[in-house]
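In what follows, a single structure is set out as structure tokens and then discussed.
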Amino acid sequence: MTTRSEGVVAGGDERRLHPWSWLFVLIQQLKSFALPLLVLLFTGRGNSWELWGLVGAGALVLVSLGQYFTFRFRVDDEGIVIRKGLLQKSLRHIPFQRIHNVALHQTLLHRVFKVAEVRLESAGGMQAEGEMRVLSLADAHALERLVRSHGREATPDVSAAAAAQESHTLLELPTSEVVRLGLISNRGMLLVAAAFGIAAQTAGEQVGDAIEYVADHAVGWTRAYELGVAGTVLAAVVMLVFAVVALRLLSVLLALLQYHGFVLTETGRRLSAQRGLLTRLRASMPRSRIQAWSLRESLTHRWLGRQGLRVDSASMETANDNRSLRDLAPVATPAAMAGLIRHLLPGHAWPLAQWRPLHPRAWRRQFAFPALFAFALTGVLTWLNGPWGLAALALLPVFALRAVVWARHAGYSVEGGLVAVREGWLDKRWRFAEVRKLQSLTLGQSPFDRRHGMASLLMDTVGASPFEPPLRVRYLPEAEARALRDQLAAAMEAAATPARTPA
Amino acid sequence: MNDAPLPSAWTAAPEWQPLPPRASTVAAIVGSFTAIPFCIGIGVLGTAVLDGWPARLGAVLAIFVLVGGLGALVGRARARRTHWLLDDRGLQVRRGLVWKHELLVPRSRVQHLDIERGPIERRFGLATLVVHTAGTRLHALRQPGLRDADALALRDALLPEADRDDDSL
């Protein structure tokens, strides 16, 4: 193994991928074909197509062998040079400084062969800059080390290099924490929903029949045992509790699969995290590439005394990919989280102290639409069911409470080069970014905003995840929104020149 | 075409600049195009439901006048409300009829710039300026209806300096 690892060094010879690499390319290609093929096989709709499937698989073997024999890479002083292609040849030079993320991916099969898939990501690209499927684990680690040591822009002197090699753990999740993460996240629900979706797609009627069958039996069972109203309600509650518990158990199982052995380490200026029970993932990126942060504290988070932290990085792909370093700290106590944020944002205080409130009437804006919905619902229900429909009016105080709690928690803060927004009532979120990372500012006014003399300010960042709320302050008094815009614009210009935050 | 002031007029004392009047004309023409899909829809529906060509043509024409007219009015109003401002901070654009927006792209965040000229804009001596940023939601600020000279001057004024350190990425 050690002889192989010596291969990946700066100025070394041109190298091929791992000899088993064709197998993994083949598997990856088969995966995209396998599912439709299996569906065809099992539904028996494509008798003549099976043969074509075999022909296709044969062609794929040839393609993957071809990819193995034509892929070569070389490491020189400035970056990695990848040469590939049989007919359409391509030569790609990736400078070390542009590599944001080195992602290692190891499924169970990879681990049997002691290899890993390596992906090099740079900013803004929709696709990975370079993808090496697969390298031996030693080679992969050597490559990772190379990128890490070259990623620093400072002139490499001996002490800096020594400091860079010294890594320390920022966050480690023991199994108990991963179990908590599973309880908090509702991954099980997503999985069940996806399974239902697939089942409905492939065998629509059978699923419907099965549900009907179960429902019929449940009703028949309550009748047979003459449970009465109270008994039926009790049975329904028991069923519901059972379903919730089962889903949470499934979530815990999934969390264990994905996050077992999560370790976040810092080596010099690079952060790297590894996790996974069967499939091991390892991702790394320079700390300065973090664009925006989002801290979340849902109701279950609060019950268990935990918070979750995610970050946006500059590559577009990361938003919908699970192997990047998005989940910086999946679960941690608020104190540990604050410590981590303070450590990663040197010179910034967290938690922020100077939160400023929104417009005094902000709660009315949050209340108006739910209230209209409640009235509409009441109208419809009363029309359908008579006076009983008026019970829907009971939603109004709930919505009012929600709006008031929301407005009391909501706020924004600009402190020490950091801009932060917080929102939410049961599910609280903090979204923040360094002012120097902002890209543009948009002051927006809807007709409702204008009536209340409010405005919203949207701060755009690079690679903002579509799954997180935008970095936006809503329901600000108009003058305050303008003042904030001007303040941020000035700070953005001033912040563009100074050097990066010291490591 | 005689309403083109010298580009230096707005760089000296920054103030909100309206689009030229002919931009409203172009916006109205472009706005009236929204009627085209409706016309096709009514045309297809008309051949099935209505008898005789005069009725069908009449229906298409009526829809064109109605929807196209509305689109033209909205387009014109939108162009008239649009203002832009270049100051030492960067480019600002104020636009929107019902949902109003003021966009600000600081100079230091401009990635690259495009100037586009469609056939109609070309005829009226106008251009569309596209300011690309590295951002996500506002990855490109696209402003049609600028005077050709203004668009060029804006592009030159906003061109990123070659030695800029892309620290924000």
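The values are calculated or read from the model by the stated rules, or taken from the named source; none is laboratory data. None of the values given here were measured: they were computed from a predicted structure. Counting neighbours? That spans all protein chains shown, and the Cβs are built from the backbone with ideal geometry, glycine included.
At-a-glance table
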read-out: Counted residues, the range A:474-503 - those being within 13 Å of chain B (Cβ to nearest Cβ) and at pLDDT 85 or above; value: 12
read-out: Qualifying residue in the range A:262-282 (condition: aliphatic (A, V, I, L, M) and part of a helix (DSSP H, G or I)); value: no
read-out: Every residue from the range B:62-105 that is within 13 Å of residue A:442 (Cα to Cα) and aliphatic (A, V, I, L, M); value: B:91, B:93, B:103, B:104, B:105
read-out: Filtered residues of the range A:450-473 (kept if within 8 Å of chain B (Cβ to nearest Cβ) and basic (Lys, Arg)); value: A:450
read-out: The range A:431-444: number of residues that are of a type outside the set (Lys, Arg) and within 7 Å of another protein chain (Cβ to nearest Cβ); value: 6
read-out: Residue ID - farthest from residue A:248 (Cα to Cα), chosen from residues in the range A:261-312 that are touching a Phe, Trp or Tyr at 6+ places or on another chain (Cβ under 6 Å) and of a type in the set (A, V, I, L, M, F, W, C); value: A:293
read-out: All positions within the range B:98-148 that are surrounded by fewer than 20 Cβ atoms within 10 Å (Cβ to Cβ), over 30 Å from residue A:314 (Cα atoms) and touching a helix residue (DSSP H, G or I) at 6+ places or on another chain (Cβ under 6 Å); value: B:98, B:120, B:124, B:125
read-out: Among the residues listed as A:413, A:440, the single one being of a type in the set (Ser, Thr, Tyr) and over 21 Å from residue A:334 (Cβ atoms); value: A:440
read-out: Check on residue B:162, assigned to a loop (DSSP other than H, G, I, E, B), away from chain A (no Cβ under 14 Å) and either touching a strand residue (DSSP E or B) at 6+ places or on another chain (Cβ under 9 Å) or modelled with pLDDT under 90 (or both); value: yes
read-out: Failed item in (1) at the interface with another protein chain (Cβ under 10 Å from one of its Cβ atoms); (2) surrounded by 18 or more Cβ atoms within 10 Å (Cβ to Cβ), with residue A:447 passing the rest; value: (2)
read-out: Which listed residue, of A:82, A:99, is crowded, with 16+ Cβ neighbours inside 10 Å, touching a strand residue (DSSP E or B) at 6+ places or on another chain (Cβ under 9 Å) and under 22 Å from residue A:325 (Cα atoms); value: A:99
read-out: Looking only at the range A:259-269, and only at residues there that are modelled with pLDDT of 90 or more and of a type in the set (Ser, Thr, Tyr), the one that is surrounded by the most Cβ atoms within 10 Å (Cβ to Cβ); value: A:259
read-out: Selection from the range A:52-79 of residues that are surrounded by 19 or more Cβ atoms within 10 Å (Cβ to Cβ) and hydrophobic (A, V, I, L, M, F, W, C); value: A:71, A:73, A:75
read-out: Helices (runs of 4 or more DSSP H) within the range A:158-258 that include 2 or more residues over 35 Å from the mean Cα position of the chain (by Cα) and modelled with pLDDT under 80; value: A:158-165, A:204-224
read-out: The one condition in (1) under 21 Å from residue A:107 (Cα atoms); (2) free of Cβ contacts under 8 Å to residues at least 60 places away in the same chain; (3) β-branched (Val, Ile, Thr) that residue A:229 fails to fulfil; value: (1)
read-out: The listed residue being modelled with pLDDT under 95 and either basic (Lys, Arg) or closer than 28 Å to residue A:293 by Cα (or both), out of A:389, A:347, A:379; value: A:347
read-out: Residues that are in contact with a helix residue (DSSP H, G or I) (Cβ under 7 Å, 6 or more places away or on another chain), under 30 Å from residue A:302 (Cα atoms) and basic (Lys, Arg), drawn from the range A:427-448; value: A:428
read-out: Listing of helices (runs of 4 or more DSSP H) fully contained in the range A:6-117 that carry 3 or more residues being closer than 29 Å to residue A:278 by Cα and modelled with pLDDT of 85 or more; value: A:108-113
